[in-house]
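Undergrad: Pasting a structure below so you can have a look.
Each reported figure results from applying straightforward, stated rules to the coordinates on display, with no laboratory input. Just so you know, these numbers come straight off a predicted model, no measurement behind them. Neighbour counts are summed over all protein chains in view; Cβ atoms, including those assigned to glycine, are modelled from backbone coordinates with ideal geometry.
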Amino acid sequence: MLKLQRILLLSSLTALLALGLSCKPTPKTDDSVSGETSAAMNKMVFNYLRGTAHKSLDPMKQFDSASADLVANIYDRLFEYHYLKRPYQLSPVLLAEMPTLAEDGLTYNFTLKKGVRFIDDPCFKDGKGRELVSDDIIYSIKRFADANVNMLSYMLVEGSIVGLDEFHAETKKLGKETDYSKLDVPGIKKIDDQKFSITLTRKNPLALLPFAATQLSIVAKEAVEKYMEDFERHPVGTGPFYIKDYSRRGVMVLAKNPNYHGVYPTEGDPGDAEKGLLADAGKQIPFIDEIHLPLIEEPQPAMLKFQKGQIDWIGLDKDNFNKMAYKDEQGFHLNETFSKKFDMYAEMGLVMEYLVFNMKDPLLGKNKALRQAIAYALDTKGYIEKMRNGRGEALTSITPIPIAGSQAQTKTEYYSYNKEMALKKLEEAGYPNGQGLPEIVIEYRSANSATRQDFEFLRNQLATVGITLKPGFQTFSAFLTKIESGNFQMATAGWAADYPDAENFYQLLYGPNASPGPNHSGWANTDYDKLYMDSKYMPNGPERFAIFEKMHKILQDEVPVIITWNPIYFGLYQKWVGNMKRNMMQDAPFKYLKIDTAGKDKGV
Amino acid sequence: MLGYIIRRLLYMIPILLGVAFLVFTLFTTVGEDPVRIALGNHASPEAIADLRAKWGLDQPLHLQFLDFLKQIITFDYGRSFNTGEKLSELFAQGALVSLSLTLPPFLIAVMLNVSMALIVAYYRGSIIDRFATAFFIMAMSISYLVYIIAFQYILAFQFDLFPINGYEHGLRAIPYLVLPGIIIIFVSMGPDVRMYRTVFLDEIKADYVRTARSKGAAEPRVLFKHILKNAMIPILTYTVVAIPFLVLGAFLMERFFSIPGIGDLMINAINTGDFPVLKGLTMYIAIGYSIFNLITDILYAYVDPRVKLT
Amino acid sequence: MSAQTRNNSLGRRALQKLMRQKLTVTCFVVIIIYLTIALLGALDLLPDFQARVGESYEAPSLSIAKIFGTDIFGRSVLFKLLAGTKTAISIGFLVTSIAVPIGITLGSLAGYYGGKIDGFVVWLFSVIVSVPYLLMVIAISYVLGKGMLSMCIAMGSIGWVGLCRLIRAEFLKHKEREYVLAARLLGANDHNLIFKQILPNVIHLAIITASLQVLGAIKSEVILTYLGVGVQDGSSWGSMISDATGELVNGHWWPLAGVVITMFFIIYALNVVGDALRDALDPKLVD
């Protein structure tokens, strides 16, 4: 027994000593890091981070941004939104040119680019990636419309292509296995290996936009059939990168597809050339050899790594914005110490934040004056200044500012903070100074400190006119269930553009889009619905904008939702990152970026 | 001995049944709905019904539970709702990573804390004891979260002593694990040293110590020979109880230091109602825990001949 | 001497012993102050922490409301700390008052009687302990709905396990000791043996565990609030700490400093008083 104690004592003392030793001389872990970079000296490695882990790399099965960012780099679509040009417009990726519209205004003719190859993979004959053909496009569209594969995003094309809705219904009826070759879609025709056509159900200027979505990426039948359930972890695309090291919760490594067909854009916005954004015009992309994507879920380590130069590009959150940047009349700037080290962009998001009223709620739904009172009591500008460091614009219409038909083009007015009006409306509503008004519950979809602080701001605001607000911090699924079953009073909401068109925002209040569609207020107004349908398929221009103004007037008077603000997105990037222009429709444009490796080694 | 071990292994069955029942009840009846989360906004009622059927969540609860029992027996918990990955693979990848994070500091901490507690107990009542008490209590009154944030910021960022975060497989993981390890040791110090000190003081007051002392045994000898031996049982008990709490700590560590272990996997599974992952992880942990417990009990018998394994 | 008078004199002597130590008395006063704050909070007599007292993020200055500065909304950090004190004390009290009685009862019954009772108790805590703590707490708070009370019930209904194991182990040890065997020979019944003979000898473990439990509960609250399960109206130390993580990088150190200082005093006091109680109550120490 004595022996055991000696051993224990000895080992504990050794441990003490060992700890003392391991603490004092500092383990030089930097060496390992820099050693790695010098080994990869002539390699262009781009270090970015993933804030959340992706769900699926099967293009048709994903609908979360973490997945979309990866899919966009592994697969190609027919179109993308032009990297440099604003307003956002389509440009061809897998196509030789933009498709031509036949005289009937319904049929688009597409021609594929020549020499586009899938990445080498054992699923192909001899393991060599074969050339992309029209059949791949048709297969991919069908797979996208297969109800058994795609449970998330079919609504993007619903009703727009001849025969596709029927195909969608048929796959649902057939169940799991559908042989696409036996089930034709009349609106999609193969002409030859390079050419195909798509026929629309009606004239529709928005019809091509869904083909820029990552869900409509082009996949190879061989890969789908070979890998089956594992296809979502074993992507085979034509894209600029392929997966070199798959590690969902560790460091994901993408490597350059050396035979990629794409080139850097040759045209841009005025001023882009001066900024050096066109220096690589017409060169083969991608420039970067490898992308390293560690999963970093907490903001602090991500920012610390960025400041150490171990990450090349990062979004700037509220707390770090306070520390690193400021706002003046000319816009946003980095503090002096940081502007020497990093570059910054500030780009208006394609996002509208709003609050929803449940129109079926006995209190709020029937009392327009009460809803107006709440709208007058909200200080959106104050909210942006105080809670978001001025990183946003108050919206006076439902459309985010960069999109055609927004407040930049139309003359729309909206509620702004007005205590007298709020009190007047409250009296009109039957609750002078809030007397007799029951507590109103507002639902949030999470309970982190940001939502909690948002709520506290809102609560304080409404308290100034005597309205009492209570929070309902829900889990995400509970939130969805509550909202979509109409079991709520007020809820917070936000909408990010599926495609950069005002229609995508006005549809949020279209009557037939009631839950489970996106119109959670359950509001339905025949005038509004008619105007919406009139404007939906109209090309942008004064005529369409005039209809938007009419719709806005109805929204302003009825207040089924309170439109609040349009966030501005900030990012920092290292000085050695080139070709950076934030494109809100391309969140991960790694194929256009480059690294000044010489500059990076010198620590420019 | 062998008979004892076999009996104890058989005893795992009712415990695992209890765990299975508990986890099943808690997560199937409440908690996040995986179908709603997978389908997100604007899912049609039929899409929800379809997916529910696909995942077998439309079955009556007792059948789902039977299914779960079958999974436990076959060790096949299927694939994650979220990512389609096989649970056995997820676990195999994550468990070693988590262990590499928590086990070394845990072992070091036990030895270190027992040693420090012995020292403090030896100098009981003196200024050293008081100073140590104040120090450990101060260390205890700061939140785990604050330690992580502060240590990462100061030691890794400002003084460049450690990598900020990250993980690599194999031995190359070591540099990434040092700082989290130090935090784990540091955080365990306050409560553990105090607890062990209490245990030692209890033994110091026991009759046999007085006897030993009265016989003229030197103080250090008394301390190490008699007290350490007798204090082993409460120490072992306390150590075992502390193990489940490692997961709580490991989760925050894994998030802040980007270590792909199972703590973070579990939190994400809770938040998305990923039943296969939750069920599988809990059962794996429960089995591991039971086995660990058994080892502890065998150690009891080794340390203290009064305890008989029957 | 009957057991009754023995305990009485032990209690009195313990109290005398406690009062002799200045530090203990000071710490005792500290606890009383915190309890008073909590009581005032319960009676709604604390200043309203939601009220604005100045601009956002004012550094500490010499007026009472701003002694710890202000937060993002210009609210007094001191008033938030007071509200947080009420929350923390409530949490500690609730969790302990759920966990300790369960732990003592089950632990002593299991340790004393053994057999089927022991089998059941061991099974019960083995099951609970086999499930990761965080998973259990989050799951239980889903059942009961988010918020402070359900969080406390969740922590309490798991927190008894550690104490139960300790008490059980001690009972196993003590029931074979001479004094128990002697009492049994003298005709003491089970009730008497458990509550009058053995329990006083192991109750100090409950006191230590309780003081650790309060501590653990207060600290778990920080983590759970960080995960979005805990207190939701911003009036807890946990929510202040999770806000402070972002504030710190901007040099707004005072909310965090306030929380750390406030937590330190109560935790220190609890520990010192817990130790002193242990020393005073431990029958072995009575000379």
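Undergrad: Between region C:183-229 and region A:170-185, what is the C-alpha centre distance in whole Å?
TA: Value for the Cα centre distance between the two parts: 66 Å.
Undergrad: Helix C:22-42: angle to the longest alpha-carbon principal axis of chain C, degrees 0 to 90, nearest 10?
TA: Result, in degrees: 60.
Undergrad: Based on the alpha-carbon gyration tensor of chain A and its eigenvalue square roots a ≥ b ≥ c, which shape applies: rounded if a/c is under 1.5, prolate if not and a/b is larger than b/c, or oblate?
TA: Verdict is oblate for chain A.
Undergrad: FRET efficiency for A:Asp120 and B:Lys54, Cβ-Cβ distance as r, R0 = 51 Å, nearest 0.05?
TA: 0.90
Undergrad: Would you grab the residues whose amide H sits under 5 Å from the one on A:Leu316? Only those 5+ places off in sequence or on another chain, please, with H modelled 1.01 Å from N.
TA: Result for A:Leu316 returns A:Phe570, A:Gly571, A:Leu572.
Undergrad: So for region A:281-440, taking the charge dipole from beta-carbon charges (+1 Lys/Arg, -1 Asp/Glu), which of A:Met387, A:Asn322, A:Asn418 sits furthest toward the positive end?
TA: Ranked along the dipole, the leading option is A:Asn418.
Undergrad: Dipole size in debye (nearest 20) for chain B around its Cα centre, Lys and Arg Cβ +1, Asp and Glu Cβ -1?
TA: 1440 debye
Undergrad: How would region C:67-181 be classified by its alpha-carbon gyration tensor: rounded, prolate or oblate, with rounded meaning a/c under 1.5 and the a/b versus b/c comparison settling the rest?
TA: Since a/c reaches 1.5 and a/b is larger than b/c, the shape of region C:67-181 is classed as prolate.
Undergrad: Now for a separate question. Points 7 angstrom from Cα along the Cβ direction at A:Ser91 and C:Leu62: gap in nanometres?
TA: About 6.5 nm separates the two model spin labels.
Undergrad: Roughly how many debye, to the nearest 20, is the charge dipole of chain A about its Cα centre, given +1 on each Lys and Arg Cβ, -1 on each Asp and Glu Cβ, and no other charges? Mind showing how you got there, number by number?
TA: Details: 73 positive and 77 negative charges, 303 e Å.
It works out to roughly 1460 debye.
Undergrad: Please sort through the DSSP H helices of chain A and keep those with an alpha-carbon extent of at least 20 Å along the long axis and a Kyte-Doolittle average not below -0.5.
TA: Both cut-offs are met by A:2-23.
Undergrad: Can you tell me the dipole magnitude for region B:1-111 around its Cα centre, using point charges on the Cβ only (Lys, Arg +1; Asp, Glu -1), in Debye to the nearest 20?
TA: 420 debye
Undergrad: With n ≥ 4 as the cut-off for DSSP H runs, can you work out [θ] at 222 nm for chain A, using -39500 (n - 2.57) per run divided by the number of residues, rounded to the nearest 500?
TA: -9000 deg cm²/dmol
Undergrad: For C:Asp279, A:Asp104, what's the fewest-to-most ordering of other Cβ within 10 Å of each Cβ?
TA: A:Asp104, C:Asp279
Undergrad: Set the Förster radius R0 to 60 Å, insert the Cβ-Cβ distance between A:Asp184 and B:Leu66 as r into 1/(1 + (r/R0)^6), and round the FRET efficiency to 0.05. Could the numbers behind the result be given before it?
TA: On the way: r = 44 Å, r/R0 = 0.74.
With a Förster radius of 60 Å, E is 0.85.
Undergrad: Separation between the A:Gln284 and A:Lys575 pseudo-spin-labels, each 7 Å from Cα along Cα→Cβ, expressed in nm?
TA: Rounded to a tenth, the inter-label distance reads 3.2 nm.
Undergrad: Grab the beta carbon distance between A:Ser65 and C:Ala182, set R0 = 56 Å, and tell me the FRET efficiency rounded to 0.05.
TA: The computed FRET efficiency comes out at 0.15.
Undergrad: Sort C:Val202, A:Val133 by Cβ crowding within 10 Å, fewest neighbours at the top.
TA: Ordered from fewest to most neighbouring Cβ atoms within 10 Å, C:Val202, A:Val133 come out as A:Val133, C:Val202.
Undergrad: Could I ask something else about it? Whose amide H sits under 5 Å from the amide H of A:Val116, counting only residues 5 or more places off or on another chain, with H placed in the peptide plane?
TA: A:Leu132
Undergrad: Among C:His191, B:His42, which comes first, then next, by fewest other beta-carbon atoms within 10 Å?
TA: The order, fewest Cβ neighbours first, is C:His191, B:His42.
Undergrad: Taking +1 at the Cβ of each Lys and Arg and -1 at the Cβ of each Asp and Glu, which of C:Thr26, C:Ser61, C:Ser76 sits farthest along the dipole of region C:22-103 towards its positive end, judged by Cα position relative to the Cα centre?
TA: C:Thr26
Undergrad: I'd like the distance between the alpha-carbon centres of region A:537-571 and region A:460-479, rounded to an integer number of Å.
TA: The two parts, judged by their Cα centres, are 25 Å apart.
Undergrad: Please turn the phi angles of region B:284-299 into ³J(HN,Hα) values with the Karplus equation 6.51 cos²θ - 1.76 cosθ + 1.60 (θ = phi - 60°), one per residue in order, whole Hz, x for glycine and proline.
TA: Those phi angles translate into 4, 5, 4, 5, x, 5, 4, 5, 4, 4, 4, 4, 4, 5, 5, 4 Hz.
Undergrad: Same structure again: Compute the angle between helix C:237-248 and the longest alpha-carbon principal axis of chain C, please, reported from 0 to 90 degrees and rounded to the nearest 10.
TA: Helix C:237-248 sits at roughly 40 degrees to that axis.
Undergrad: For region A:506-520, just list the computed ³J(HN,Hα) in residue order, Karplus coefficients 6.51, -1.76 and 1.60, θ = phi - 60°, integers in Hz, with x standing in for Gly and Pro.
TA: Running phi through 6.51 cos²θ - 1.76 cosθ + 1.60 with θ = phi - 60° gives 5, 5, 5, 10, 5, x, x, 8, 4, 3, x, x, x, 7, 6 Hz.
Undergrad: Which of the three applies to chain B, rounded, prolate or oblate, going by the alpha-carbon gyration tensor with a ≥ b ≥ c and a/c under 1.5 meaning rounded?
TA: Details: a/c = 2.80, a/b = 1.61, b/c = 1.74.
Oblate is the answer for chain B, as a/c is 1.5 or above yet b/c matches or exceeds a/b.
Undergrad: Debye sum, Cα scatterers, region C:132-220, no solvent: what log₁₀ I/I(0) at q = 0.15, 0.19 1/Å?
TA: -0.67, -0.84
Undergrad: Right, something else. Pick out, from C:Ser235, C:Thr85, A:Met585, the residue whose Cα sits farthest towards the positive end of the charge dipole of the protein assembly as shown, with +1 on the Cβ of Lys and Arg and -1 on the Cβ of Asp and Glu.
TA: Farthest towards the positive pole: C:Thr85.
Undergrad: Right, here's the next one. In whole Hz and in residue order, list the ³J(HN,Hα) couplings for region A:326-331 that follow from phi through the Karplus curve 6.51 cos²θ - 1.76 cosθ + 1.60, θ = phi - 60°; x for Gly and Pro.
TA: Along region A:326-331, the couplings run 8, 10, 9, 4, 7, x Hz.
Undergrad: Please list, in chain and number order, the residues 5+ apart from A:Trp565 or on another chain whose amide H is under 5 Å from its amide H, with Hs placed from the backbone.
TA: Excluding prolines and chain starts, which carry no amide H, the hits are A:Glu353, A:Leu395.
Undergrad: Report, in whole Å, the centroid distance computed from the Cα atoms of region A:329-347 and region A:490-534.
TA: Between the Cα centre of region A:329-347 and that of region A:490-534, the gap is 37 Å.
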